[in-house]
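See below for the structure under consideration.
What follows is calculated from the coordinates using simple rules that are stated; it is not laboratory data. No experiment lies behind these values; they were computed from the predicted model shown. Cβ coordinates were reconstructed from backbone atoms using ideal geometry, including for glycine residues, and neighbour counts include every protein chain displayed.
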Amino acid sequence: MKNIILAALVTLFISGCGDKKSSFILSSTSEQNLTETTKNLEKAIENENFTLVDTLDHKITADEYNISIRPQKVIRFTHPQVASMLIACNTSMGMDVPFKMLVWNDYEGKTHIEYMNPEYWSLTHNIKDKKCLALINQTKIAMDKAVDSISAK
């Protein structure tokens, strides 16, 4: 029995390692610079009927404290009705509303877009209701469409 448990833990550890990011974080790249990608992503998010809340520039804050970080911005957005319905599914969903996407540059200057896979919300917030799961899926599709519309192909 100990060997089975050990084998399962080793398998879990190995499958969690590697260069590929977890499916909990969805990632894409853009051929545009950080500023253009951010502006175009904001427009694409609005085209998917989300409301832009704000865009935070972490680099500006880090620079104020003489902390060196790569350029990055967080776009926060919502769909008030969808967000309210998700919070009704489980109050803890309020921690993930508004929704967020991170736009950042790597050391070579390539622009990346990352965001939490909405499907992860069902696990994080223990959501099992079919209507709520369908709403999460619709939100994921809309977020994916916004990113796909500006991503490098």
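Hey, any hits in the range 67-77 for a residue that's closer than 23 Å to Y120 by Cβ and of a type in the set (A, V, I, L, M)?
Yes: one or more hits.
Listed here are the residues, each with its yes/no results for (1) hydrophobic (A, V, I, L, M, F, W, C); (2) in a loop (DSSP other than H, G, I, E, B); (3) within 11 Å of the chain's Cα centre (by Cα).
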residue: E114; (1), (2), (3): no, no, yes
residue: S122; (1), (2), (3): no, no, no
residue: I127; (1), (2), (3): yes, yes, no
residue: K131; (1), (2), (3): no, no, no
residue: I136; (1), (2), (3): yes, no, no
residue: K140; (1), (2), (3): no, no, yes
residue: D144; (1), (2), (3): no, no, yes
residue: V147; (1), (2), (3): yes, no, yes
residue: I150; (1), (2), (3): yes, yes, no
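Which of the residues that make up the range 42-98 are under 24 Å from S149 (Cα atoms), in a loop (DSSP other than H, G, I, E, B) and in contact with a strand residue (DSSP E or B) (Cβ under 7 Å, 6 or more places away or on another chain)?
F50, P71, H79, V97, P98
With respect to the numbered conditions (1) more than 19 Å from D144 (Cβ to Cβ); (2) touching a residue at least 24 places away in the same chain (Cβ under 8 Å), which one is the sole condition not fulfilled by V103?
Only one criterion is unmet by V103, namely (1).
Among the residues of the range 106-144, how many are among the basic types (K, R) and closer than 19 Å to E36 by Cβ?
Here the count works out to 1.
Of all residues in the range 89-140, how many are buried (at least 16 other Cβ atoms within 10 Å of the Cβ), of a type in the set (G, A, S) and closer than 22 Å to V53 by Cα?
Residues flagged as buried (at least 16 other Cβ atoms within 10 Å of the Cβ), of a type in the set (G, A, S) and closer than 22 Å to V53 by Cα within the range 89-140 amount to 0.
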